[in-house]
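Read the figures in this text as sums done on the coordinates, not as results from a lab. Only a predicted model underlies this, so the values are computations on that prediction, with no experimental measurement involved. Note that each Cβ is placed from the backbone with ideal geometry, even for glycine, and that neighbours are counted across all protein chains shown.
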Amino acid sequence: MKFFEKILETVIGFVNLRATEYIEMELEELEHLFALITLGFLAGYPLIPISTSLKLLPYLEKEIYLMFNRIEYLDDQLGIIGFDIE
């Protein structure tokens, strides 16, 4: 009997872990969607007025930091290959 209880406890633990991962992934995707809606005018998608976007800008601090961090470490791989060939 204890064996089956242990198996059930393990399965419930796995299910809870996966559910938490799915919720975290969903939250991350919603943050990206919020950033796209708010800063969409920069990419040519004017979804909301710019004044509203500027009011919502403080809530995008994490996304803006992430965006600038990715831009800073972004490399042009084809440019590097073309430059190395001499």
Checklist entry - For segment 2-84, with only Lys/Arg (+1) and Asp/Glu (-1) charged at the beta-carbon, what is the dipole magnitude about the Cα centre, in debye rounded to 20? => result 320 debye
Checklist entry - What is the spread of the Cα atoms of segment 2-84 along each of their three principal axes, largest first, in whole Å? => result 62, 46, 19
Item to check | Difference of contour (0.36 nm per residue) and Cα-Cα distance, Tyr59 to Val15 | outcome: 12.6 nm
Checklist entry - Under a point spin-label approximation (7 Å from Cα along Cα-to-Cβ), what is the Glu5-Asp75 distance to one decimal in nm? => result 5.6 nm
